[in-house]
Amino acid sequence: MDKINELKLPETGRVIVISDIHGEIGLFKELLNKAGFSGEDYLIINGDLCEKGGNSKEVVRYVMELAATNPNVHVIEGNCDALVEHLLKENPQLLNYLAAREHTLIGEWLKEVGFQLNDHSTIQEVKEVLLRYYGKEMEWLANLPTAIETDRYIFVHAGLEDGEDWKETERSNALAMPSFLEKSHRTGKFVVVGHWPVVNYSTDIPSDNPIIDEAKKIIAIDGGNVIKPTGQLNAFIIQRTAEGDSFSHLYVDKLPSRAVTKDFVADSAIKGSINYPFYTIVPVERGEFFTLCRQPETGRMFYVKNEYILQNENGDFTIKTDVSCAQISVTKGETVSVIDEDCSGYALIKKEGKAGWIPGECLMD
Ligand SMILES: [Mn+2]
């Protein structure tokens, strides 16, 4: 990769890292507010400002303005932000992408200027129109660095190759390699990434909270905002002091909150989750609310909520969407987020970033 920026962080103070905003301007502003973000903080936007969520153009406009007016705000590119390059290079396949996706930055821009795509539209024409109105934004996106290196951290959207010199990493891999936490690197620094929703790494109780792997020196922070039904937008916070750095996080999501009306103690043996890409399941024993299922690709067994099990035309079983198979303990009076309360007997909730099932009566008045 060519575009690497070096950044000198002060010895003391706060660094806030946010990745994968994906067009969620409301959540992003709410998160900055929740973190009490001020001009004294460093803010690193770790890629994927746009696509998938509803207001990509506003996220790009807002982050551009933040970066222009605050010298402590730094932005790197994600695979979704790099799409604008396909437009600049007049890649005709971009037209198929635009036709297939409901929410795209380029689609929002075209709509804003009243340009209707049709079967005869050419990529040159689209580029010409958008350069006229959004030339500044396109140039800014195309010039974002791929990585930022500091004293103890490297910020990059998806990951680094495990080579002698990390700077030799192919840009396409830095932007889009899958599941970096299952890989390794030799930089000697903490590598902070987004891109791969951390819930995909879950084993026991599925969680959207950032994962810090001290041994591998990888910090994965993508809360699955927009992409996952339980998703959240995380702010990973590095507090720097003379004694060293400490880590914490905050998150926001769009789930409704509710007060728990009855205690429930989870059975710790009922755990796990079904996540991308292992959606195939084999039912073993059907119960009234949950079915014990085997996941053939991993050999693991899970209790899957019956409403989440689908059978396709070949007779094979799969699941409706990523889902927790864990139970979670709750205490009367505490506030939780509700993910799904339309199933029989049990409700799916999120507490402190973790998702699990509780009896439905625990949410009844
Ligand atoms: Mn990404």
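Every number in this text was worked out from the coordinates using simple rules, so none of it is lab data. All of these numbers come straight from a predicted model, not from anything done at the bench. Here the Cβ is made from the backbone with ideal geometry for all residues, glycine too, and neighbour counts use every protein chain on show.
Structure notes:
- Of every Cα-Cα pair in the chain, the percent that sits beyond 26 Å: 56 percent
- Within straight-line reach of Lys136, meaning a Cα separation under 26 Å, sit the following lysines at least 8 residues removed in sequence or on another chain: Lys3, Lys29, Lys52, Lys57, Lys89, Lys111, Lys127.
- Look at the alpha carbon pairs under 8 Å that are at least 6 residues apart: their mean separation over the length of region 257-360 gives a relative contact order of 31 percent.
- In this structure the amide hydrogen of Leu43, modeled in the peptide plane, comes within under 5 Å of the amide hydrogens of Ile16, Val73, His74, none closer than 5 places in sequence on its chain.
- Cα-based reach from Lys320 at 17 Å (exclusive), listing aspartates and glutamates while leaving out same-chain residues under 8 positions away: Glu307, Asp340, Glu341, Asp342
- Inter-part distance where region 263-304 and region 138-160 are each reduced to a Cα centre, Å: 38 Å
- Beta bridge orientation in the chain: antiparallel %, DSSP, nearest 5: 70 percent
- Enclosed volume per residue, in Å³, of the convex hull spanned by Cα atoms of region 156-214: 75 Å³
- Here region 1-93 is assigned +1 on the Cβ of each Lys and Arg and -1 on the Cβ of each Asp and Glu. Its dipole about the Cα centre then comes out at about 180 debye.
- Within the chain: Cβ-based charge dipole about Cα centre, in debye rounded to nearest 20 (Lys, Arg +1; Asp, Glu -1): 380 debye
- Projected area averaged over orientations for region 235-288, convex hull of C-alpha atoms, nm²: 8.6 nm²
- Residue-averaged [θ]222 nm for the chain, counting only DSSP H segments that reach four residues, each worth -39500 (n - 2.57): -6000 deg cm²/dmol
- For Cys80, residues with placed amide H under 5 Å, excluding near neighbours: Asp48
- Listed residues Ile219, Thr169, His185: farthest to the positive end of the dipole of the chain (Cβ charges): Ile219
- Dipole magnitude of region 218-365, debye to nearest 20 (Cβ charges: Lys/Arg +1, Asp/Glu -1, about Cα centre): 180 debye
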